[in-house]
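Just below is one structure, and these are the notes that go with it.
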Amino acid sequence: MTDPLLAFRQEFPILERSTYLVSNSLGAMPRGVPDRLAEYVDLWAERGVRAWRESWWELPGKVADEVAPLIGAAPGEMVMLPNVTLAQATVLSSLTYEAPRNRIVMTELDFPSVRYVYDHLATRLGAEIVVVPSDDGVTVELDRLLEAIDERTALVAISQVLFRSAYIMDLAAICAKAHSVGALVSADSFHAIGVIPVDVRESGVDFMTGGVLKWLCGGPGGCFLYASAAVRERLEPSLTGWMSHTRPFAFEPDMEYAPGIYRWLGGTPVIPALYAAIEGPRIVRRAGMEAIRAKSMRQTARLIELADARGYEVYAPRDASKRGGTVAFAVPHAYEVSQFLLSRDIVIDYRPKAGIRVAPHFYTKDDELEAAVAAMDEALQSGAWERFAASGAVVT
Ligand SMILES: Cc1ncc(COP(=O)(O)O)c(C=O)c1O
């Protein structure tokens with residue numbers, strides 16, 4: 001039976017030239033992006049500063065509204081920001097951390113960049129960071145996490161899908177526990193959006209951050225922050241800027257926070273990135289999250305099967321309902337093997353403590369999975385991996 005999702009391959013030029021299995025890092029560029037960027041250039045060239053009034057001012061909200069349906073949010077509930085680290089910093093800056101409620105609960109497997117900003121900025125604001133450990137480097141035990149959330153917790157700031165292992169955390173259970181003790185939840189859903197169904201209403205999450213550059217094929221610079229109705233106009237981020245002011249063009253000396261989502265925007269957005277960000281989420285919406293998720297579960301299961309048949313260790317949950325879109329192969333000499341694959345235009349990435357991350361997406365053909373694992377076999381069996389001995393080079 002033919003896979004209807006493969007019809008979308010024609011939208012992504014890079015798929016004609018490479019085996020592209022790295023949408024967990026940077027999704028393929030849609031064919032329509034150059035035209036979008038040309039619109040940006042033309043507007044700037046022809047209209048100059050008037051572009052702000054005619055289009056750009058609205059863009060951080062408009063582009064976010066294209067992504068909103070993919071997380072079950074309504075128009076006006078999300079805004080675009082340059083990166084997730086900044087978005088999470090904006091969230092943490094909206095709370096106060098006074099004992100006894102001064103704790104932020106995180107996990108050992110959250111993305112380091114986000115951990116850095118909590119460790120370094122939130123602690124300066126008086127927060128105490130509680131890090132829930134992982135026993136196996138793949139999962140974080142739900143009960144242990146729930147136990148760490150109590151009346152001393154101001155915020156739970158966790159990844160919805162863990163970046164190394166693609167383990168899916170139970171966001172609804174985490175929100176339920178946090179809310180029962182008066183804490184808020186900020187989910188970093190970068191590895192969830194566009195590859196698993198996400199629903200902010202179902203989980204009841206207070207804040208959600210993510211970006212279009214991975215599974216949404218929208219390029220770097222297009223990240224977003226969702227704030228629920230419960231917090232959106234009640235809290236005031238102290239990491240702010242003139243675009244968050246209710247009268248930005250009055251240039252008043254004192255801050256008066258805007259109503260609505262622009263209160264979370266801060267300073268000037270990265271306009272070209274917003275043009276590039278539009279096409280990918282639209283294609284993902286056309287492909288449909290249910291179909292994308294079903295295919296992802298099937299293809300990641302196939303990858304695990306291929307690994308098992310060879311005795312390769314994988315860092316990925318065996319239970320498909322707990323597994324996101326990536327399977328990490330902890331093969332021997334994983335770094336060198338990853339470089340061998342890249343030399344064959346099989347595009348994957350390598351992460352320490354995970355190995356070679358293989359990330360099929362809705363446009364991936366089944367035989368591309370076989371080709372990637374066959375190339376790992378070849379690199380190991382022929383000894384070709386030795387030619388790629390660690391050089392410290394930057395990898396994808
Ligand atoms: C879970 C997660 N959070 C955040 C980031 C990146 O954050 P930023 O947008 O600040 O670069 C990544 C990047 O891979 C990630 O995997």
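The values are calculated or read from the model by the stated rules, or taken from the named source; none is laboratory data. Everything quoted here is computed from the prediction, not taken from an experiment. Glycine also receives a Cβ, built like all others from the backbone with ideal geometry; neighbour counts cover every protein chain displayed.
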Could you count how many residues in the range 182-193 are within 13 Å of the ligand (Cβ to nearest atom) and assigned to a strand (DSSP E or B)? 4
Within the range 14-27, is there a residue that is away from the ligand (no atom under 16 Å from the Cβ), part of a helix (DSSP H, G or I), outside the structural domain of V185 (by TED's automatic domain parsing) and among the β-branched types (V, I, T)? yes
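Yes/no matrix, rows are residues, columns are (1) more than 17 Å from the chain's Cα centre (by Cα); (2) closer than 24 Å to T139 by Cα:
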residue: V284; (1), (2): no, no
residue: A287; (1), (2): yes, no
residue: R298; (1), (2): yes, yes
residue: L303; (1), (2): yes, yes
residue: G311; (1), (2): yes, yes
residue: A320; (1), (2): yes, yes
residue: R344; (1), (2): yes, no
residue: V347; (1), (2): yes, no
Restricting the first residue to the range 36-48 and requiring it to be in a helix (DSSP H, G or I), which pairs with a second residue that is polar (S, T, N, Q) meet a Cβ separation below 8 Å and a spacing of at least six or different chains? L43/S55
What residue, of R101, R31, R36, is within 29 Å of V347 (Cα to Cα), surrounded by 15 or more Cβ atoms within 10 Å (Cβ to Cβ), more than 16 Å from the ligand (Cβ to nearest atom) and not small (G, A, S)? R36
If we scan the range 194-207, do we find a residue that is buried (at least 22 other Cβ atoms within 10 Å of the Cβ), in contact with a Leu (Cβ under 6 Å, 6 or more places away or on another chain) and part of a helix (DSSP H, G or I)? yes
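Out of all the residues in the range 160-178, which are away from the ligand (no atom under 16 Å from the Cβ) and either within 25 Å of Y350 (Cα to Cα) or buried (at least 24 other Cβ atoms within 10 Å of the Cβ) (or both)? Working first, answer last.
Initially, the range 160-178 is screened for residues away from the ligand (no atom under 16 Å from the Cβ), giving 170, 172-173, 175-178.
Correct list: A178 only.
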Looking at the range 116-127, can you tell me whether even one residue there is in contact with a strand residue (DSSP E or B) (Cβ under 7 Å, 6 or more places away or on another chain), over 17 Å from T85 (Cα atoms) and modelled with pLDDT of 95 or more? yes
Yes or no: W52 away from the ligand (no atom under 16 Å from the Cβ), buried (at least 18 other Cβ atoms within 10 Å of the Cβ) and farther than 23 Å from G204 by Cα? no
Which of the residues belonging to the range 175-195 are in contact with a Phe, Trp or Tyr (Cβ under 9 Å, 6 or more places away or on another chain) and among the hydrophobic types (A, V, I, L, M, F, W, C)? L184, V185, A187, F190, A192, I193, V195
Restricting the range 179-193 to residues that are in contact with a strand residue (DSSP E or B) (Cβ under 7 Å, 6 or more places away or on another chain) and farther than 22 Å from A287 by Cα, which is surrounded by the most Cβ atoms within 10 Å (Cβ to Cβ)? S186
Report yes if some residue within the range 239-259 is within 16 Å of the ligand (Cβ to nearest atom) and either among the β-branched types (V, I, T) or within 30 Å of L26 (Cβ to Cβ) (or both); otherwise report no. yes
Mind listing whichever residues of the range 296-331 are under 21 Å from P197 (Cα atoms), of a type in the set (A, V, I, L, M) and assigned to a loop (DSSP other than H, G, I, E, B)? A316
Which count do you get for residues in the range 323-365 that are within 19 Å of G311 (Cα to Cα) and of a type in the set (V, I, T)? 6
